[in-house]
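Everything below concerns the one structure shown next.
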Amino acid sequence: MAGILFSCNAVKRVDEKDYLLTNNAVLINGKKNKSETIGNLLYQKPNSKIPVVNTPLRLHIYNLARPNIDSILEEKIYNNPKKLKRKTKKFSRKQVNKDVENRLNFNAWLKSTGEAPVIVSEDKSEKSVKRLEDYHINNGWFDVEASYEINKKDNKRADVEYNVETGPAFLLDTITTKIKSPVIDSIYHKKILRNSLIKSKEQYRTSNFEQERDRISNELRNSGLFHFNQDYIGFEIDTIGTNKKVNVDIQIQNRTIRDLDSIYRVPFNIYKVKDVNIITDYTFEKRNKKLNGPVNYKGYKLWSYGKMRYRPKAITDAVFITPGEIFKDNDRTLTYRHINGLRTFKYPNIDQVEIDNHTLSDTIRLTALKKFSLGFSTDVSTSNIQTVGFSLNPSLLMRNIFRGAETLEISAIGSIGSSRDQNEGDPFFDINEIGADLKLTIPRFFFPFNTNNLIAKDMSPSTRISLATTSQTNIGLDKQTLSGVFNYKWSPSQKVTDRLDAFNIQYVRNLNIDNYFNVYTSSFDNLENIALNSYNTPSEFISIDNNGQESLIIDKSDEFIDLVLSDDNYQSSNPNQYKEVNNINERKQRLTENNLILASSFSLTNDERTNLFDEDFSIFRFKLETAGNILSGMSDILGLQKNTNGRYELFNVAYSQYIKTELDYVKHWDLGKKNILAFRSFFGIAIPYGNSTNIPFSKSFFAGGANDNRAWNAYSLGPGSSKNSNDFNEANLKIALSAEHRFNIFEDLNGAVFVDAGNIWNVLDDVEDENAVFSNFNSLEDIAIGTGFGLRYDFSFFVFRFDIGFKTYDPSYQDNNRWFNDYNFGNAVYNIGINYPF
């Protein structure tokens, strides 16, 4: 019934003499072609449809709008005295006018959001035929003929069928050159010809000629030809009497010079850069003042209006135009990019002036940004921890701090909040956090010796040194953290970025360990269940409320754990419960211990995106991290002592030792018509050894959440087939796979259907729960699967995302049927996120 109503409604706004376009069919040499390339040539396309339900939703929205609504309301209300009097008696005239305005605005919104019916047009069909013919001619089918036929139906609908007969394709045959300038002829045959896009026996394509013109021009402008441009390149095509063959003559003219009253041509010359002048503090107001200098450095001449505020090397390292070298257009582009990347100057101005027929003089004008930049942000938030919170984040950016274009950024955080579990007498704002962060960025490698031969300056090498500290009160276990990072970053190519963390030090100190069971409530609930139902718990551990309800006194949780673990009889009579108490204790000890991590890591990112709008690309990320090896090798030299667990300690903290690797691969396929298929795979493993038997919480993996398996909340999935006994589940092995089909609904609103799979496990550490451990490939049966759908609204500068995930295959059911047990909206997980998950 709904289908019939929608079908009727589709032609609601189509005039009797018109026909709604419902389908286009393009037959090329008798075979139907459904490619997007061909489809995009047509001037008219049917109204857009939602892919999943195949419904023209925007057309139906448009049809809800009333045509000539303003005239209708005018006649219905304002030109009807009785009705107007009745309305103004009940409402004021101002309210009536507002109601009419709202109805007009809503009607306009329906029209703008919807999509008007596409009416079949003979004129546009003829234009489509012309486009089809032009497309095939540009791709080598010179004898193409196209036509169209409109198939009208009785229900005010029509299809258009286009027939294209291409004839045989023309192939390139003889390719010759006619190059006037000897210097260009030499460069062409030595460097350019071997990579030509125009090759004999290949099918003629206009696009190849356009790309070849760009390629030749770029090669010549990067070979010293300062005055060259694409206009000097031409192609003479001959198909007369060639039996479907194309003979091509590539022609490159001499340089054109215009005098006042004449034009003449001369051969091109190769130009060299004679000198490079760099004005380091240029402003428009200073342009006529006298310059100081120059300071000569490696052939460069550096000038300033006032005192030179930069070390020459800091500037010249970002300049690729080199004195004494031939002119290269690419050197100019690199100079723009690298000077802009210093974050010290405004976008530079580069002038290249011809001195004579063979030499150039370059002047680079740099205008400094302000030395100091202040930033300030505020935030108001609420969470499951605090009723309301306020934070302030001031920052100060200092440029050219050591005269080498370095930037120093100092930021701080200060926040206060009101906790949800306040005790009587506590102040309203009982939560606070303070912290500071210092980052020094150096636009080169900070190293004892020269690394230019290893990492060239066109790889944009940089060094970052950062220090940060935070202190929390009444947040979880309360923490003091101190971290320091010394890393190098460089880009071997436009697609590849490498990063080396030579040192990454993290120290975490827990200040409020006694609050553990208030934070990890699931662990306490399990412990309480054993105390009340399994163990013969002494009365001093139990409290009874006014309703006679018993509960474990939370402040005596640690004493109760010690009591159970020292009870050999209970261990033998209730081994499962005893083991669970032991697991709770071990997890508590691990999550409350202080951490000292001294790590080094290397990461590589290969991003194939050509621009922000590219939707057909892949991204590969790899990271390898090791920790504790330096301290392990120096433990004897430093005289480190072992604690009762046999672990070496530094500053009374056992340092972590492990090796960790991550592999992440993302692939997008552009299916056309705003349809994207996205895929992600992730594998990570962290293996403790030496001074550690497990991985620090901050370095472990978790599953679930808006950017992972969306059918589970963050930290709620796994490990393995365990039953979510903890509040924050983590482990040291992770596998994750996701696939998502994204499609456009209308305008900036997009939809998606997705499948997420994965889990976390413990491996090669001190966890013994067989349900949580990855023991062999049979453990892959514990990979959880979630499916779902979502909406995304594109605000241009970010995407707002809403996803609903359903537990499709849940490994926590263990030996029972794991499929579709909680596949309903009541057990679904609702995710809100910013931007796409991958």
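When you scan region 764-774, do you find a residue that is at pLDDT 90 or above, under 24 Å from TRP819 (Cβ atoms) and not in a loop (DSSP other than H, G, I, E, B), even just one?
yes
Only residues that are in contact with a Leu (Cβ under 8 Å, 6 or more places away or on another chain) and either among the charged types (D, E, K, R) or closer than 19 Å to SER698 by Cβ (or both): list them for region 631-656, please.
Those that are in contact with a Leu (Cβ under 8 Å, 6 or more places away or on another chain) and either among the charged types (D, E, K, R) or closer than 19 Å to SER698 by Cβ (or both): LEU631, GLU649, LEU650, PHE651, VAL653, ALA654, TYR655, SER656.
Within the set of pairs 6+ apart or on separate chains, which have a first residue in region 121-136 that is in contact (Cβ under 8 Å) with a residue 60 or more places away in the chain, a second that is part of a helix (DSSP H, G or I) and buried (at least 16 other Cβ atoms within 10 Å of the Cβ), and C-beta atoms under 9 Å apart?
LEU132/ILE38; TYR135/ILE38
Considering each residue of region 456-509, count those that are hydroxyl-bearing (Ser, Thr, Tyr) and free of Cβ contacts under 8 Å to residues at least 12 places away in the same chain, and give that number.
Number of matching residues: 1.
Filter the helices (runs of 4 or more DSSP H) completely within region 113-223 down to those with at least 1 residues that are more than 38 Å from the chain's Cα centre (by Cα) and in the same structural domain as LEU20 (by TED's automatic domain parsing).
Once the helices (runs of 4 or more DSSP H) in region 113-223 are filtered for at least 1 residues that are more than 38 Å from the chain's Cα centre (by Cα) and in the same structural domain as LEU20 (by TED's automatic domain parsing), what remains is 122-138.
(1) closer than 30 Å to LYS180 by Cβ; (2) surrounded by 15 or more Cβ atoms within 10 Å (Cβ to Cβ); (3) among the aliphatic types (A, V, I, L, M): which one isn't true of VAL266, the others all being true?
The failed condition is (2).
For ASN713, are the conditions met, namely being in a loop (DSSP other than H, G, I, E, B), polar (S, T, N, Q) and closer than 12 Å to GLY805 by Cβ?
Yes.
Only residues that are touching a residue at least 40 places away in the same chain (Cβ under 8 Å) and either at positive phi or aliphatic (A, V, I, L, M) (or both): list them for region 236-268, please.
LYS244, VAL246, VAL248, ILE250, ILE252
Regarding region 813-833, can at least one residue be identified that is touching a Ser or Thr at 6+ places or on another chain (Cβ under 6 Å) and either assigned to a strand (DSSP E or B) or buried (at least 18 other Cβ atoms within 10 Å of the Cβ) (or both)?
no
I need the full set of residues from region 318-376 which are aliphatic (A, V, I, L, M), in a loop (DSSP other than H, G, I, E, B) and crowded, with 17+ Cβ neighbours inside 10 Å, in order please.
ALA318, VAL319, ILE321, LEU342, LEU366, listed by residue number.
Looking at PRO448 and the list (1) modelled with pLDDT under 95; (2) surrounded by 15 or more Cβ atoms within 10 Å (Cβ to Cβ); (3) not β-branched (Val, Ile, Thr), which single condition is not satisfied?
(2) is the only condition that PRO448 fails.
Go through region 649-665 and give me each residue that's of a type in the set (S, T, N, Q), surrounded by fewer than 17 Cβ atoms within 10 Å (Cβ to Cβ) and under 26 Å from LEU733 (Cβ atoms).
THR661
Out of the residues in region 346-383 meeting the condition of being in contact (Cβ under 8 Å) with a residue 24 or more places away in the chain and of a type in the set (A, V, I, L, M), tell me which one is farthest from PRO323 (Cα to Cα).
Filtering region 346-383 for residues that are in contact (Cβ under 8 Å) with a residue 24 or more places away in the chain and of a type in the set (A, V, I, L, M), the one farthest from PRO323 (Cα to Cα) comes out as LEU369.
Go through (1) touching a strand residue (DSSP E or B) at 6+ places or on another chain (Cβ under 8 Å); (2) farther than 28 Å from LEU59 by Cα; (3) of a type outside the set (Gly, Ala, Ser) one by one and return the number of the condition LYS723 breaks.
LYS723 satisfies all of (1) touching a strand residue (DSSP E or B) at 6+ places or on another chain (Cβ under 8 Å); (2) farther than 28 Å from LEU59 by Cα; (3) of a type outside the set (Gly, Ala, Ser) except (1).
From the set of residues in region 30-62 that are of a type in the set (A, V, I, L, M, F, W, C) and out of contact with any strand residue (DSSP E or B) (no Cβ under 8 Å at 6 or more places or on another chain), which is farthest from ALA146 (Cα to Cα)?
Top of the filtered list is VAL53.
With surrounded by fewer than 18 Cβ atoms within 10 Å (Cβ to Cβ), small (Gly, Ala, Ser) and under 19 Å from the mean Cα position of the chain (by Cα) as the only criterion, which of SER698, SER681 stands out?
SER681
Which pairs do you get when a residue that is farther than 11 Å from ASN750 by Cα, found in region 790-802, comes within reach of a residue that is assigned to a strand (DSSP E or B), reach meaning Cβ atoms under 6 angstrom, with the pair 6+ apart or on two chains?
Within 6 Å, the pairs are PHE798/ILE834.
Return only the number of the condition from (1) over 23 Å from TYR204 (Cβ atoms); (2) surrounded by fewer than 12 Cβ atoms within 10 Å (Cβ to Cβ); (3) out of contact with any Ser or Thr (no Cβ under 9 Å at 6 or more places or on another chain) that SER147 does not satisfy.
Unmet condition: (2).
Would you call THR610 modelled with pLDDT of 90 or more and closer than 30 Å to GLN494 by Cα?
Criteria not met by THR610.
(1) farther than 30 Å from ASP331 by Cβ; (2) touching a helix residue (DSSP H, G or I) at 6+ places or on another chain (Cβ under 8 Å); (3) among the basic types (Lys, Arg): which one isn't true of LYS439, the others all being true?
Every listed condition holds for LYS439 apart from (2).
Among the candidates LYS83, LYS90, LYS98, LYS111, which residue alone is among the basic types (Lys, Arg) and surrounded by 16 or more Cβ atoms within 10 Å (Cβ to Cβ)?
From the options LYS83, LYS90, LYS98, LYS111, the qualifying one is LYS111.
Somewhere in region 129-144, is a residue under 30 Å from PRO67 (Cα atoms) and of a type in the set (Gly, Ala, Ser)?
There is no residue in region 129-144 that is under 30 Å from PRO67 (Cα atoms) and of a type in the set (Gly, Ala, Ser).
I want to confirm something. Restricting to region 253-279 and keeping residues that are touching a Pro at 6+ places or on another chain (Cβ under 8 Å) and of a type in the set (S, T, N, Q), which single residue is farthest from VAL353 (Cα to Cα)?
My answer is ASN254.
One residue is enough: does region 53-64 have a residue meeting the conditions part of a loop (DSSP other than H, G, I, E, B), out of contact with any helix residue (DSSP H, G or I) (no Cβ under 8 Å at 6 or more places or on another chain) and under 14 Å from PHE746 (Cβ atoms)?
yes
Could you please let me know if LYS178 is within 30 Å of ARG215 (Cα to Cα) and not hydrophobic (A, V, I, L, M, F, W, C)?
When the stated conditions are applied, LYS178 passes them.
The values are calculated or read from the model by the stated rules, or taken from the named source; none is laboratory data. Note that the coordinates shown come from a computational prediction; the quantities given were computed from them, not determined experimentally. Every residue, glycine among them, receives a Cβ derived from its backbone with ideal geometry; neighbour counts consider all protein chains shown.
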